[in-house]
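The values are calculated or read from the model by the stated rules, or taken from the named source; none is laboratory data. Keep in mind it's a predicted model, so treat the numbers as computed, not measured. With ideal geometry, Cβ positions are generated from the backbone for all residues, glycine too; neighbour counts draw on all protein chains shown.
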Amino acid sequence: MFLAFSTALEVGKRVNVSESTVIRWTQKLGYKGYAEFQQVVQRKLAEERLEKAEQNTPEPVDDQSFLENLLDADILSIVKLKKSINEEKLLQVVDKISQADQILCNWQFF
């Protein structure tokens, strides 16, 4: 987990090598650099957590608290989304939003 969320400099300090050594190491592994390596590690961690959640997600139970039932429902929704989402289209939408001059949000409170 340390590699996923630490800079190349922090990793180098921890293993007593330079930042450039860490970057060269990731390039030797076949990545363009540390940032690409880090993205792959982060994605793998997220996939493992979702798989674990899929295996361990109970259906909401009457004797659980409201918060526990709410969180269980959210986990189930995320698992369903993972199975149905088109990643290519999602990335296209994110690109469009990030390039927009203005982003308008319509908030309604009940």
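Inside region 72-100, residues that are closer than 15 Å to Lys52 by Cα and exposed (fewer than 10 other Cβ atoms within 10 Å of the Cβ) make up a count of 1.
Considering only region 53-74, how many residues are in a helix (DSSP H, G or I) and at pLDDT 75 or above?
Taking region 53-74 as the starting set, the residues that turn out to be in a helix (DSSP H, G or I) are 53-56, 66-74.
Okay, now just the ones that are also at pLDDT 75 or above, so 66-74.
Final tally of qualifying residues: 9.
On the stretch given as region 48-58, residues that are surrounded by 13 or more Cβ atoms within 10 Å (Cβ to Cβ) and of a type outside the set (D, E, K, R) total 3.
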